[in-house]
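A quick write-up on the structure given underneath.
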Amino acid sequence: ANCAEMFTDCVLYARYPGFGVSYWLHHTATFCATLGFLASPSAPVGYCTAYAGLMELGGASLNLANLTNHPFAFVLRIFVYAGSRIAAALLLLACTAQTMG
């Protein structure tokens, strides 16, 4: 599901004037990282599942802030979104180190 979402976002935002290049690169990098997890035959399934779950957790915090429109939800989304991305990046580094050596 994460690959399909990232792929469609890459295609959609490649020419959409409302979004800058950094937003498109973010989706492209996420798509490539997800494919890397799936393409590696020695990557544990738990890493792949946790990575996708962390990415969705960050997106859920954005949705919650949009739905509730409460000031606390906007503060919470900063920490949850940033934390999910940092944790996913660390997970990607750990998996890379484990599968490479």
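The values are calculated or read from the model by the stated rules, or taken from the named source; none is laboratory data. Note that this is a predicted model, so its numbers are computed, not measured. With ideal geometry, Cβ positions are generated from the backbone for all residues, glycine too; neighbour counts draw on all protein chains shown. Each accessible area value is taken on the protein alone, full model and side chains, heavy atoms only, with ligands, DNA and RNA left out. Shrake-Rupley method; radii C 1.70, N 1.55, O 1.52, S 1.80 Å.
Screening the candidates THR68, THR30, THR49, THR99 for the property of being open to solvent by less than 40 Å² (accessible area, probe 1.4 Å) and among the hydroxyl-bearing types (Ser, Thr, Tyr) yields one hit, THR30.
Taking the range 71-81 as the range and being open to solvent by 70 Å² or more (accessible area, probe 1.4 Å) and among the hydrophobic types (A, V, I, L, M, F, W, C) as the test, the residues that pass are PHE72, VAL75, ILE78, PHE79.
Residues that are under 18 Å from ALA88 (Cβ atoms) and assigned to a loop (DSSP other than H, G, I, E, B) within the range 1-41 comprise ALA1, SER40, listed in sequence order.
Filtering SER22, SER84 for residues that are among the polar types (S, T, N, Q) and either loosely packed, with under 12 Cβ neighbours inside 10 Å or over 12 Å from the mean Cα position of the chain (by Cα) (or both) leaves a single hit, SER22.
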